[in-house]
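Reviewing the structure listed below.
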Amino acid sequence: MISNNKYPKILIGLIIISLFINYFSFSKIGQLQERLEYMENSIRWNTDSTRSSIYDLSHQLNEQKELAKWIINEEFVPNYEESTEEAIHLYMTWAFREIETNANVSLFYRQKNSDDWIEVEALHHSGTNYRVPIVLSPFYNYEYQIVAEKSIVKSGEITEIPPRMYKPMPMMSNGYGYSSDHNGNMTDFSSNIAFSEPPLFDFYKMKHGFIEAYDGDTVIRKQPFELEYPDVETEFQQWVANIELNGKTVTSIRLVVEYHNGTIHEGEIWPNDTYHNFN
């Protein structure tokens, strides 16, 4: 039998052992936590280093691609005086990194998916800079190729002519909002529209636009758009329209935009978006 005076000694011994075990455990946990933090920092550093290396390589690759280009500084400039709704007149300018003296330079352009190229002799502007006038229809898509010929024939890649230079850029829906009553019926609907970039020609500007609220196939409300800030002069304008519906049944909202050249873009913006399916 263990005497009573030995219990305190045993208890103290257990406490000491427990403290030692706890100290060892906390020490071990601290070491593991330090190792984990070191590994996390190492992984983070390696990730940042890899990301930086990829960025540098990508930048160097782009620089090499630019240096390897034979044709540089390509630009299309609108001819506002000659352009009409049916025929868009542009000047294309570019420069060569190097070209044989007195080489014959031409621009070939065509409607996409056509075999009929139109050749235009380039005008030598200065140094290695050239310029050509071209005429495009807004009803087609075009591509071009530059060719230089003397002792050898050298040609650039077949490249698309940017559609924004000769087509009306569609008015874009910038979003909408609506309110409902306690029965879930729509009480009002508001819409915002704007050009993604300013139209190049006046006949590509919006003539008028409006939103229509439908119940089935029946138009129950129609509201034209108005400039949001008519007194502010800026290239990037926004138009707004708000329909008061007063709890009427609404199955769809449509957006209709007509431009000065007669082009019309229209489609549903609520509950589905078919307006932006321009193609």
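Since every read-out is calculated from the coordinates, none of them should be taken as a lab result. Everything numeric here is computed off the predicted structure, so don't read it as measured data. All Cβ positions, even for glycine, are placed from backbone atoms using ideal geometry, and neighbour counts span all protein chains on display.
Can you find, among 186, 199, 219, the residue sitting farthest towards the positive end of the charge dipole of the range 178-220, where Lys and Arg contribute +1 and Asp and Glu -1 at Cβ?
199
Taking only Cα atoms of the range 113-158, what ratio of Rg to Rh do you get with Rh as the Kirkwood inverse-distance radius?
The Rg/Rh ratio comes out at 0.99.
List the GluC sites (Glu not before Pro) within the range 90-156 that DSSP assigns to loop and that have no more than 10 neighbouring Cβ atoms inside 10 Å.
Sparse-neighbourhood loop GluC sites (Glu not before Pro): 98.
How high is the relative contact order of the range 171-270, in percent, counting Cα pairs under 8 Å that sit 6 or more residues apart?
About 31 percent, as a whole number.
For 248, 167, which order do you get if you count the other beta carbons within 10 Å of each Cβ and list the fewest first?
By the 10 Å Cβ count, ascending: 248, 167.
When 1/r is averaged over all different Cα pairs and the result inverted, which Kirkwood radius in Å belongs to the range 171-270?
14.3 Å
Rank the residues 91, 275, 166 as a footprinting-exposure proxy: fewest other Cβ atoms within 10 Å of their Cβ go first.
The most exposed by this proxy come first: 91, 275, 166.
How do 219, 256 rank when sorted from fewest to most other Cβ atoms within 10 Å of their own Cβ?
Ordered by Cβ neighbours within 10 Å, fewest first: 219, 256.
Please list, in order, the residues from the range 221-260 whose amide nitrogen is less than 15 Å from a point placed 7 Å along the Cα→Cβ vector of residue 272.
251-255
What net charge is computed for the residues neighbouring residue 211, neighbours being all others with C-beta under 9 Å from the C-beta of residue 211, Lys and Arg scored +1, Asp and Glu -1?
+2
Mind putting together the pair-distance distribution for the range 112-236? All Cα pairs, 5 Å bins, whole percent per bin, short to long.
2, 7, 12, 14, 12, 10, 10, 8, 7, 6, 4, 3, 3, 1, 1, 0, 0
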